[in-house]
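Only one structure is covered here, and it is reproduced in the block below.
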């Protein structure tokens, strides 16, 4: 038997945004959004133990398939609404508390008109106990909306004996995980917006090799203001960003509690030997007409580390990225001055988000984390050791051997083929080093500790598919050695 959750949009319209500031609707509704709606109903019904147990059973199931029709985004006018309630206790003259003087910000309410207003989430071969199905159905029947409160719904759970054609279902983008209910309760009690659910993964039998030391769950830092420097400065910008994160801990009085996976140093001040936070550039590259310009960064924590859920990390990030009313979101201002990590002063605004910004495919972590056999460098690899050979085939073999060792260092199997070279295989990516007569600014800038190391691009092929992210070499924690899968793309 299959378990089915049926959702009917009674007004024929679904209101739900993909992310903050987005005017593109989230359709079909993702299972993590539906699960959150069920949890809200559970809380409103008095947090009954039987229903809690039913939700905990549901969160441990594999991702459901989605049976939904296509839909047309609905056009709508821009509404001007107050962004937040003003605080009179923090301002001497808080005129904004008066209705006549309250600020207004433009808002859109993304909506979609589905061709068929009924959506079904289907769990294959899931057979709950009678009391579990009864509890889930009770929650569903009391769930009045999914997404925005204007999305009025009728919901029900029922069993199905393969009548709905589950093979025609769509794979979800996000689902939940064991402990999601407790996480939502904790976020509600702390009065903070919860994180989105986890990226949905295929069944175990279809999963590729996964021994990577880096997580697939990234925090995107989208470029929203200021002029972004050239991609070849990404390593020093990443170092500046890490320094900013450390200053965030200091701002909230947690200087003595900075974790080793953030600072990259142990308690005695020496560089840590364990995998720690990588800060990688997200660039417009690998597409036709790409020019390689920086569109943002991503924070990539170690695998099996809950850094992005850590409350101290969140406090430090909130201190660095206050809410800016003109952007309606948190913005971290990354500022450098001459003589620090840049030759010239600049100021760049980066907005942290877990959702993919609409219309910016280059910011999608999935470009780097999907399974593949062939990977190519987006930023050059910094070799771990100085080369002994000056030129010729022996030099190429030495470089290839170091790249194989770099794969082992992050838990990947030895690649079958490694082709190093000066030039990248992806459109828009600058060469690893400039020609002899090129101006100095055409070279990649790296932190001082890496300045004497060799840089190289490469194409790497494994025997079996491996999951990214693949970030290799001595500069992997500052965004160098970032690779992108090539399988299925023009190569």
Residue ranges of strands (runs of 3 or more DSSP E) in the stretch 374-491 with at least 2 members surrounded by fewer than 20 Cβ atoms within 10 Å (Cβ to Cβ)
417-421, 455-467
Options 126, 135: the member that is in a loop (DSSP other than H, G, I, E, B) and modelled with pLDDT of 85 or more:
126
Which numbered condition in (1) in contact with a helix residue (DSSP H, G or I) (Cβ under 7 Å, 6 or more places away or on another chain); (2) assigned by TED's automatic domain parsing to the domain that holds residue 467; (3) closer than 25 Å to residue 283 by Cβ is the only one that residue 409 fails?
(1)
Among (1) closer than 27 Å to residue 263 by Cα; (2) in contact (Cβ under 8 Å) with a residue 12 or more places away in the chain, residue 284 falls short only on (1)
Is it true that some residue in the stretch 310-319 is in a loop (DSSP other than H, G, I, E, B) and surrounded by fewer than 20 Cβ atoms within 10 Å (Cβ to Cβ)?
yes
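The values are calculated or read from the model by the stated rules, or taken from the named source; none is laboratory data. Because the structure is predicted, anything quoted here is derived from the model rather than measured. Using ideal geometry, Cβ is built from the backbone for each residue, glycine included, and neighbour counts are taken over all protein chains shown.
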